[in-house]
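Each reported figure results from applying straightforward, stated rules to the coordinates on display, with no laboratory input. This is a predicted model, so every value here is computed, not measured. Cβ: placed from backbone, ideal geometry, glycine included. Neighbour counts: every protein chain shown.
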Amino acid sequence: MPKPRPEGKTGDAKRAPVRSVKLPATVARRAPKQAELKYVPWNTVELEELNPLLQRQLVVGQDIMIARVLLKKGCIIPEHSHPNEQLTYILEGTLKFWVDGKEIVVRSGETLAIPRNMPHKAEALEDTVDLDVFNPPRADWINKTDQYLRKR
């Protein structure tokens, strides 16, 4: 049995033993996976065609994902929300967003930060190339279960 630790100047005090309590609805702890270094030129990443007006490429890290999204003029991204924080940076072109009751036009060189679970929609006002960064990575995009983007 371990000896009690001194508690200030008042002498030794015994502490009650600590018991582990399993809480409901918690995630089991796993050893963190070692992040790996990746160098990925875009020309080596699969260009996925989601519909005739929308293509994308994904690079996924341990806790973050970047997508290069190519939208033809008139492409509509239907209203949706997700538990992922999103940063959108427009490389070329212009996207009009509807977020939180506001219309926001984001042009080349501009960025939009969309909080988790906030419904949003977008339309390409011209041919557009954007970078979307998500934390955590979008499971529906990785698993290709994002049917809202795949409508023809």
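General observations
- For ASN84, nonlocal amide neighbours, meaning residues 5 or more places apart or on other chains whose placed amide H falls under 5 Å from its own, are ASN117.
- Counting neighbouring beta carbons within 10 Å and listing from fewest to most, the residues LEU37, LEU71 come out as LEU37, LEU71.
- Loop-located trypsin sites (Lys or Arg not before Pro) in the range 36-96, at most 16 other Cβ atoms within 10 Å (DSSP): LYS38, LYS72, LYS73
- When you filter the GluC sites (Glu not before Pro) in the range 44-144 for DSSP loop state and at most 11 other Cβ atoms inside 10 Å of their Cβ, you are left with GLU46.
- A Förster radius of 25 Å, combined with the Cβ-Cβ distance separating LYS121 from VAL59, puts the computed FRET efficiency at roughly 0.50.
- Legend: calculated FRET efficiency, THR44 to TYR89, from the Cβ-Cβ distance at R0 = 22 Å, rounded to 0.05, equals 0.55.
- In plain terms, the residue of HIS80, HIS120 with the fewest other Cβ atoms within 10 Å comes first and the most crowded comes last, giving HIS80, HIS120.
- Given LYS73/LYS144; LYS121/LYS151; LYS72/LYS96, the pairs whose alpha carbons are separated by over 18 Å: LYS73/LYS144
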